[in-house]
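Each value in this text was obtained by applying a stated rule to the coordinates, not by laboratory testing. Keep in mind that this is a model prediction, so the values were computed, not measured. As a convention, Cβ positions derive from the backbone with ideal geometry for all residues, glycine included, and neighbour counts pool all protein chains shown.
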């Protein structure tokens, strides 16, 4: 049995297509199990019951593309899925035809008709999951819940449990090259959460920082993990065969130019703020004051480091392209010499 | 003064650099695609030993075009009687670009049905997107409900109307473009369904995804229908269309993230390494393609492969395209861009320095004050 045959056998065993893989079992919808869980309602006793959330590859892609298509406007949609112990599972998502979600609490009510129609139609083609949450986008200002979001989510958690809120930032996704997403659940009113330690820091623009600070203790975030089916895996692998061209030719400095400029403006505002605060504190030299201004300046420093690094990444891509496609040496010996350092640089 | 002025200068710079730099990316993209295009032609005609096709997905030379893996269109024969494909050489009338989201949609639909039924089932759905002139962009898809009457599949029209209303509310600028299904090569049952879709739309496209495909390239084929005279009777035949994968920056990042997440065990602590990983994989692919072309040319030279003038002409054209952009204007703008980024990192470093200095001075003052206080106290008492 030669190499290729062995490889094919291994491949076939690994991708056993005849029977349903363990990986694909998550796509089965067990109506009885779901109804039992809905009856038991284990989340009522513990506000911190749900700790993890699993998002399917398709749902993620759909949400990211919908958020992106909104440009600088916030968009919103709903997600379908189910619950499994302390894990919420999101199988699919769909967009809602509403606008201005950041200014109204009842945006979801307006789309109620659309939602019921959609879920009805989905059940007819074999998608039996129920609505498990909502998602919306914060284009350019990070993943957190604003005051309006918190009130909307608290309302949802009263009437439509189990429910989760997801926030996506399409602009930061593109600028940093990683999907910028967060999943949250609010605590009921008056509940004092146990101190859960520092969460991952994210830069918030100056005009939103107050909204963030006031409400940031009223909700907690869930750990996000993703899953995909075996067919997805296969298709994604073969997709790469065509997609590598796009990766190489993407130019993030240009796509992110506007966002970077805005970040720099924001940074300068923050710097001026901390400058005035420092000036005041210098006269009195009180300890608590210094702590606050130190924090302000360190936060600005962290923000500026992040922006700088993104710019540098973009430039790295440009330099790589230039080296590959523009710097063609004329002579044969030169070609060999330049092949050596370039392969070393890439290694 | 500093940051705001710098920012506005940067905006001007960017606007100027955008023209040249975006043309660079376009040039890069077209060169890479030309390299891929040559591989298409090389593969069916060259008897070169397929390099490490079993395991290394990156070096698969057939991983580029649907045509390569399928051989040629005219070989397709349906199960029960007669071909449904038009003769090879018929060129499609539209150009198609496909979003990866559609592929994932279909895959999920199929997986879901299989998980619920326990065995693989054929699924059916509609494709929506935008059409401008002779270019079709397939952007999204949704499932269709159908009934089986006498072994034939009949599409449920009412369901489709309901869904049409819904998607028009959310994606107002997208129209119905065609339909999709899963399975192997197309046959007469597909033509029957295609005729039904023709009632809804003038000339729909038909997408077929093969979930059981064994080869490593994308098992997605797109067809359109033509009316041809076969044995004197006008029959509908299918013509295969070439398609490209549409890109959108957010989609690419999403697809990338989803594709690589399973191998996410090692947490990369270096942000630079993470960022360069994607570039590195893409460059690896490019290098393997180039190596293949070089091998072919050398083999031609040695006489191992028959001399194909067309391919060699294309290779020649490709090499003449390099360097892609090297005018003085481009150089100027490129260095401007480098300077802008250098300026930004300079500002960032200065900010970091200021912060460190501030903290140092605060602590120094604190210490100094304590010491001074101590001395004063001693001065009082002694």
### Query
Stretched out fully, how many nm does the piece from residue B:346 to residue B:308 gain, at 0.36 nm a residue minus the Cα gap?
8.2 nm
#### Entry: Average other protein chain Cβ within 10 Å of Cβ, residues A:61-73
4
### Task
Rank by packing, highest mean first: peptides A:59-71, A:77-89, B:293-305, with packing defined as the count of other Cβ atoms within 10 Å averaged across residues.
A:59-71, A:77-89, B:293-305
### Query
By counting other Cβ atoms within 10 Å of each Cβ, how are B:353, A:305 ranked from fewest to most?
B:353, A:305
#### Entry: region B:278-332-region A:299-320 distance, computed between alpha-carbon centres (Å)
33
### Task
Quantify how much of the Cα-Cα distance distribution of region B:89-230 extends past 21 Å, in percent.
43
### Task
Summarise the partner chain shielding of B:338-344 as one whole number: the mean count of Cβ atoms from other chains within 10 Å of each residue's Cβ.
5
### Query
So how far, in whole Å, is the C-alpha centre of region B:204-260 from the one of region B:93-170?
13
#### Entry: Exposure proxy ranking, count of Cβ atoms within 10 Å, fewest first, for B:136, A:37
A:37, B:136
### Query
Looking only at other chains, what is the average number of their beta-carbon atoms within 10 angstrom of each beta-carbon in B:318-327?
3
